[in-house]
Amino acid sequence: MAILKTFELTKRFGGVTAIDSLDFEINEGEIKGLIGPNGAGKSTFFNLVTGVLKVNSGRIVYNNKDITKSKPHKVAKMGIGRTFQMNPLFGEFTVRENIRAAFHLRPKSSLIDIYFNSKKYRKNEKEIAQASEELIELLGLSDFRETQAKHLPYGFQKILGVARAIATQPKLLMLDEPLGGLNPEEIDFSLNGISKMRDRGITVLVVEHNMQVLEILDSVTVISIGQKIFEGTPDEMRQNHTVAETYFGGVL
């Protein structure tokens, strides 16, 4: 079953059409790639789905609900999470503190509970501490739990950004170039972390230029100048001469 669908989605900036009548879908539990050259419209698509940009025409449907005109905070509350190319981490916070802070973006305790240190507040804090440790273990950050975010290697900072996004408890997680700027060891580490997302019942949509991401994808949509030019499995994409020759130098 599709968790997200778009129908003839279109976005124009003046006389430039960034997304052109795009039909797209991602199934629940899938890890899917959205791939294309610079300027293809990938980031614009993310911004439309998350409500950052307004749609000119077409529809966005999430969990069978039309969210075309929804504001970003409403989209996030419905269960769509997102990371960015540059992760907004708390540099002075440790890995553990960064993740716990993200859990607090979906508070279960009121200000009164916090002020009076109520039983409900103490219970919620215990659950957050446990959930944070589970995320740290799941994503391979155990050796860095007490390390300040600013001192982490770049690839580990990106995975910490993923952990923070997961802590907001999304059903659909949208990753914006999670492998960008990483060395080979960090790429392997990140791919392993991303592949574990479905173990938590999270559907993952990945925008990426690095073709190593194909190793973990179930399916791929390729766009160019806002239009879909291919959809299928990674293996089918590798055999598609138009995609390979035009955008990836003939080799995938």
In region 12-44, what residues are β-branched (Val, Ile, Thr), under 24 Å from THR203 (Cα atoms) and touching a Gly at 6+ places or on another chain (Cβ under 9 Å)?
-> ILE19, THR44
Which of (1) under 19 Å from TYR62 (Cβ atoms); (2) surrounded by fewer than 21 Cβ atoms within 10 Å (Cβ to Cβ) does LEU173 not meet, given it meets every other one?
-> (2)
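Being of a type in the set (Val, Ile, Thr) and part of a helix (DSSP H, G or I) is the filter here, so list the residues in region 125-162 that pass it.
Scanning region 125-162 gives ILE128, ILE136, ILE159, VAL162.
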Pick from region 85-103 the residues that are modelled with pLDDT under 90 and part of a loop (DSSP other than H, G, I, E, B): which of them is farthest from GLY161 (Cα to Cα)?
-> GLU92
How many residues are of a type in the set (Gly, Ala, Ser) and surrounded by 21 or more Cβ atoms within 10 Å (Cβ to Cβ) when one looks only at region 126-152?
-> 2
Result of the Cβ filter at 6 Å on region 64-81, keeping first residues that are more than 10 Å from GLN169 (Cα to Cα) and among the aromatic types (Phe, Trp, Tyr) and partners that are at pLDDT 95 or above and surrounded by 12 or more Cβ atoms within 10 Å (Cβ to Cβ), at least 6 apart or interchain, is none
Return the total of residues in region 176-205 being without any contact (Cβ under 8 Å) to a residue 60 or more places away in the chain and either surrounded by fewer than 18 Cβ atoms within 10 Å (Cβ to Cβ) or aliphatic (A, V, I, L, M) (or both).
-> 12
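Can you pull out every residue in region 106-119 that is surrounded by 14 or more Cβ atoms within 10 Å (Cβ to Cβ) and either in contact with a Lys or Arg (Cβ under 8 Å, 6 or more places away or on another chain) or at pLDDT 60 or above (or both)?
LYS108, SER109, ASP113, SER118
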Give just the number: which of (1) surrounded by fewer than 20 Cβ atoms within 10 Å (Cβ to Cβ); (2) under 17 Å from the mean Cα position of the chain (by Cα) does GLY155 not satisfy?
-> (1)
Identity of the residue in region 206-220, within 14 Å of the chain's Cα centre (by Cα) and within 21 Å of LYS5 (Cβ to Cβ), that ends up surrounded by the fewest Cβ atoms within 10 Å (Cβ to Cβ) = LEU217
Looking for whichever is within 14 Å of the chain's Cα centre (by Cα) and either closer than 22 Å to GLY155 by Cα or at pLDDT 90 or above (or both) here; the options are ILE223, ILE194. Which one fits?
-> ILE194
If you check every pair at least six apart or on different chains, which have Cβ atoms under 9 Å apart with a residue in region 238-252 that is modelled with pLDDT under 70 and surrounded by 15 or more Cβ atoms within 10 Å (Cβ to Cβ) first and a residue that is among the charged types (D, E, K, R) and in a helix (DSSP H, G or I) second?
-> LEU252/ARG238
Could you list, in sequence order, the residues of region 163-184 that are assigned to a loop (DSSP other than H, G, I, E, B) and within 18 Å of VAL49 (Cα to Cα)?
-> THR168, GLN169, PRO170, LYS171, GLU177
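The values are calculated or read from the model by the stated rules, or taken from the named source; none is laboratory data. Note that this is a predicted model, so its numbers are computed, not measured. Cβ sites come from the backbone with ideal geometry, for glycine too, and all protein chains shown count toward neighbours.
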